[in-house]
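Take a look at the structure below.
The values are calculated or read from the model by the stated rules, or taken from the named source; none is laboratory data. Please read all numbers here as calculations on a predicted model, not as lab measurements. Cβ: placed from backbone, ideal geometry, glycine included. Neighbour counts: every protein chain shown. Just the protein is used for accessible areas: all its heavy atoms, side chains included, with ligands, DNA and RNA removed. Shrake-Rupley method; radii C 1.70, N 1.55, O 1.52, S 1.80 Å.
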Amino acid sequence: MQRTTAEGRGPVRYGPPAPQPGLPVLPELTAVLAAAAWRSAPEPPGGGAPVRAAAARHWGRRGLPTDPDHVAAGPGAPALLLALLGAYGGDVMLPRPCPAWWTPQVRLLGRRAYHVPTPAECGGVPDPYALLETVRRVRAEGGDPRVLLLSVADDPTATVPPPELLREACEAAESAGLFVVSDETWRDTVHRPARGLLGGPGGGAPGGSQGSRDRIVVLSPAEMLPDDTAVLLDLSGALLPAGWPAAVVRFPGTPHGTWLRARTLDVLTATGGFVAGPVAGAAAHALDEPAAVTGRAASAAALHGAVAGAAHRELLAAGALARPPQAGRHLYADLTPLRAGLARQGVGDAMELEDWLAGRLGAPTPGGQRFADEPVALRVRLSTGPLLGTTPEERLAALTATDPLALPHVRDSLARLRSVLAGLSG
C-alpha cells in the first residue's frame, strides 16, 4: 500500500495492490519475454491472433470451448473491465466485500455501484435473495442495474463459492435480467483443486491425494449462463508477474457477444489499451500452460495455501474470525471479537486498524473499507507473500521446501503475527 498519511484515504491511486506471490519470476517466462524484446509495436486492439488462440485453448481445457474471435486481450484486468463496462452500459451490482479496484471502475464511468451482502459460507457472489430484492428496490427508485460482477475465487475473502451457491446466484441474475461478468483471475490459485493442476484435466497439485474430500470444485458462470456471461482473467493471478500487465476476456458466442466485443475494442482503441508486444508473447506462452508454468503455479498455490492455513489458525487461536482460505495469496480477518483490546490501542474502525496493524506487522494490511465493507467492522486483508521471507532467496527456499512452515524465517513471520494478536486478548 502506498499511503502513509490520512489525506490519502480517498484517492484511487492509494488503493491496495493485489496480493503478490513474493516469488522470483519463472526463468522460462523471462526467456520468452527477452526473445520477444525486439518487438517495438504493441498488439492490435484486443490482442493478436496468437494470444487470443492461446486464451481459447486455456478456456477449452477448463470446459469452456472458445473461439479466438470471441476473445479480447488488454493491458490488465482493470483496463479490460473498464472497457467492457463502458461498452455495456447501465449500473452494476457487486458483492460486499469485493476487490478494491472494482467499485472505482464503475464510478469512473459515472455509473452507480450497488453492493449486495454475500452468503455466510463464502465471498465473491451476492446472496441470491438479497440480489433480487436489491435489484427490485433499485429499479423502483429509478436505477438501471444491468450487470452483475462476481468472482469464482475471491479477493478479498480468499474463498470459492460452492457450486450450488454459484448456481443460485446465476439463476437470480438471469431472473433479474442481469449480464454476468465473472472475474476468474484467482481461479488457478486454488490451494486444493479438485481436478488436476490449475483446475484443468490430468494430474494433481501438491498437498494431498487426488481423491481428498476437501478438494475444491471451481465452476464458471459461463457454464450456467453461456449466452449472458463474460469471463475476465488477469494473468497476474497465477501465470505472469504483475509488472507484465496482460489480461483476457471471453465473450459469449452470440450476436450480442460479438457486438459487445466490438464495442469493447472501440473503448480499448480510444483509451490506448493495448498489450505490449513482448508481454503478449509471454502471455501466449503462459496461457498454453507448459509444464514449467503449471508446475510453478501449482507449487505457489500449495505454498500460499499452507501459509494461509497457518495464519488462519493463529487468528482463530487469538479469538478473531476468518473463513478458511481456499484460494489466492491472502485471507480476510475479522478482528471484531478483539474490539476491546484494539480500543486500548486507539483503534476503533477499519481505517485505524489498517494503519495500526500494518505498522506492527511491517506489511500492508488494507482494511475492509477498501473492499466496500462496513468501516465500523474491524476487518482486514492479510497477504501471505510477506510471510514467505524478506529476500528472493528466502522466498524461493519456501517454494522448494518440503515443509515451508518449518523454515526459520516463515516461523518467525507467523510468530510475529501471533505476538501482535496476543497483545489484543484479555
Which one of these is touching a residue at least 24 places away in the same chain (Cβ under 8 Å) and at positive phi: G389, G423?
-> G389
Of the criteria (1) surrounded by fewer than 20 Cβ atoms within 10 Å (Cβ to Cβ); (2) touching a residue at least 12 places away in the same chain (Cβ under 8 Å); (3) of a type outside the set (S, T, N, Q), which one P408 fails | (2)
Top-ranked residue of the range 216-240 - restricted to ones that are touching a Pro at 6+ places or on another chain (Cβ under 8 Å) and within 17 Å of A300 (Cα to Cα), ranked as most open to solvent (accessible area, probe 1.4 Å) = S236
Across the range 86-112, the tally of residues that are in contact with a strand residue (DSSP E or B) (Cβ under 8 Å, 6 or more places away or on another chain) and open to solvent by 20 Å² or more (accessible area, probe 1.4 Å) stands at 5
Can you confirm whether the range 337-348 contains a residue that is open to solvent by less than 50 Å² (accessible area, probe 1.4 Å) and either among the charged types (D, E, K, R) or under 26 Å from A153 (Cβ atoms) (or both)?
-> no
Please specify each residue of the range 354-369 satisfying the condition of being within 30 Å of A302 (Cβ to Cβ), open to solvent by less than 60 Å² (accessible area, probe 1.4 Å) and part of a helix (DSSP H, G or I).
-> E354, L357, A358, L361, G368
State all residues of the range 114-126 that are without any contact (Cβ under 8 Å) to a residue 40 or more places away in the chain and open to solvent by 30 Å² or more (accessible area, probe 1.4 Å); if no residue qualifies, say none.
-> Y114, P117, A120
Do you know which residues across the range 64-84 are more than 18 Å from the chain's Cα centre (by Cα) and either open to solvent by less than 10 Å² (accessible area, probe 1.4 Å) or at pLDDT below 95 (or both)?
-> L64, V71, A72, A83
Listed residues R381, R323; which is open to solvent by 20 Å² or more (accessible area, probe 1.4 Å) and of a type in the set (K, R)?
-> R323
Can you work out which of the residues in the range 388-405 that are part of a helix (DSSP H, G or I) and touching a Lys or Arg at 6+ places or on another chain (Cβ under 9 Å) is least open to solvent (accessible area, probe 1.4 Å)?
-> L388
